[in-house]
Amino acid sequence: MGARDEDVKVLPGDPPVTVVLRRSGRARRISLRVSGLDGRVTLSLPPGVSDSSGLAFAQERSDWIRQHLAKRVTQSPVVLGAHLPVLGRPRRVEAGLRAKMSSDCLTVNRARPAGPQVQKLVMDAARDALDEASHRYARAVERKAGRITLRDTRSRWGSCSWQGNLMYSWRLALAPPDVLDYVAAHEVAHLVHMDHSLAFWSVVARLRPDWKVQRDWLRAHGATLHAWRFDD
């Protein structure tokens with residue numbers, strides 16, 4: 001796999017913990033990470049550190065690993081009767097003739113699985129809201145937003161390319177509207193400064209004076225947006 005190799009090991013204990021060993025030429029020290037989204041435990045090893053040394057490092061921190069795994073957000077399948085917060089409003093998934101979203105319902109075709117239909121409704125809502133917010137903020141900073149795309153990203157909520165194209169997680173439609181709006185402001189601010197300098201944050205603050213509140217919400221509750229499963 002080039003500069004990066006992965007192997008899977010198991011830490012003994014109650015319960016046993018599966019650990020992904022990742023060797024990277026860019027790593028400078030042993031690091032341990034527990035994903036709040038899927039519970040993946042990753043042990044990154046720099047060159048020259050043996051697997052046994054890395055596993056010993058993880059074993060010393062096994063209690064910490066299990067505590068974090070215990071805090072994982074419970075996965076929620078999207079089925080009939082479920083309530084999803086879309087654009088700040090709780091909406092019940094109900095059976096009908098065709099897929100559509102109303103003020104309090106997400107209606108799906110009863111002849112097909114609910115999850116994929118609801119996902120499309122959420123994505124459409126996200127696209128409309130993020131398109132509006134992105135162009136509104138782009139006008140405010142006298143820039144022009146490029147292509148806007150949606151993905152189901154896990155490592156970031158949005159990004160801005162050097163060409164001015166914006167990418168967002170469609171799961172932002174499941175967050176409070178102010179949070180979605182902040183992410184749009186954040187990415188549009190990169191049209192002015194392609195970094196996270198003080199100048200960049202001053203642009204964000206001009207667009208969203210309450211940006212810290214929204215950022216903190218994402219840090220505290222972002223994993224809950226990924227807890228919804230649309231594959232049923």
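The values are calculated or read from the model by the stated rules, or taken from the named source; none is laboratory data. Source: prediction; values computed, not measured. Counting neighbours? That spans all protein chains shown, and the Cβs are built from the backbone with ideal geometry, glycine included. For accessibility, only protein heavy atoms count, side chains too; no ligands or nucleic acids. Shrake-Rupley method; radii C 1.70, N 1.55, O 1.52, S 1.80 Å.
Residues are listed down the side, and each one gets a yes or a no for (1) over 21 Å from Val204 (Cβ atoms); (2) part of a helix (DSSP H, G or I); (3) within 14 Å of the chain's Cα centre (by Cα):
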| position | (1), (2), (3) |
| --- | --- |
| Leu130 | no, yes, no |
| His135 | no, yes, no |
| Ala138 | no, yes, no |
| Ser155 | no, no, yes |
| Gln163 | no, no, no |
| Met167 | no, no, yes |
> Which of the residues that make up segment 8-30 are open to solvent by 40 Å² or more (accessible area, probe 1.4 Å) and among the small types (Gly, Ala, Ser)?
Replying inline: Gly13, Gly25
> What is the number of the single condition among (1) open to solvent by 50 Å² or more (accessible area, probe 1.4 Å); (2) modelled with pLDDT of 90 or more that Gly48 does not meet?
Replying inline: (2)
> When Leu97 is evaluated against the numbered criteria (1) open to solvent by 80 Å² or more (accessible area, probe 1.4 Å); (2) in contact (Cβ under 8 Å) with a residue 24 or more places away in the chain; (3) hydrophobic (A, V, I, L, M, F, W, C), which criterion, by number, is the only one it fails?
Replying inline: (2)
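Would segment 61-76 turn up any residue that is part of a strand (DSSP E or B), more than 19 Å from Ala220 (Cα to Cα) and touching a Leu at 6+ places or on another chain (Cβ under 9 Å)?
No, segment 61-76 contains no residue that is part of a strand (DSSP E or B), more than 19 Å from Ala220 (Cα to Cα) and touching a Leu at 6+ places or on another chain (Cβ under 9 Å).
Residues are listed down the side, and each one gets a yes or a no for (1) touching a residue at least 40 places away in the same chain (Cβ under 8 Å); (2) among the aromatic types (Phe, Trp, Tyr); (3) closer than 19 Å to Arg215 by Cβ:
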position: Gln117; (1), (2), (3): no, no, no
position: Lys120; (1), (2), (3): no, no, no
position: Asp124; (1), (2), (3): no, no, no
position: Glu132; (1), (2), (3): no, no, no
position: His135; (1), (2), (3): no, no, no
position: Trp162; (1), (2), (3): no, yes, no
position: Met167; (1), (2), (3): no, no, yes
position: Tyr182; (1), (2), (3): no, yes, yes
position: Ser202; (1), (2), (3): no, no, yes
> Under the condition of being outside any loop (DSSP other than H, G, I, E, B) and of a type in the set (A, V, I, L, M, F, W, C), which residue from segment 94-118 is farthest from the chain's Cα centre (by Cα)?
Replying inline: Ala95
>> Of everything in segment 51-80, what is touching a residue at least 40 places away in the same chain (Cβ under 8 Å), over 24 Å from Ser155 (Cβ atoms), open to solvent by 50 Å² or more (accessible area, probe 1.4 Å) and not aliphatic (A, V, I, L, M)? Give them in sequence order.
In response: Asp51, Gln59
>> I'd like to know if segment 192-205 contains one or more residues that are under 30 Å from His83 (Cβ atoms), at pLDDT 95 or above and surrounded by 16 or more Cβ atoms within 10 Å (Cβ to Cβ).
In response: no
> Just to be sure, is Leu121 part of a strand (DSSP E or B) and within 20 Å of the chain's Cα centre (by Cα)?
Replying inline: no
> Taking segment 126-153 only, how many residues are surrounded by 15 or more Cβ atoms within 10 Å (Cβ to Cβ) and more than 13 Å from Glu187 (Cβ to Cβ)?
Replying inline: 3
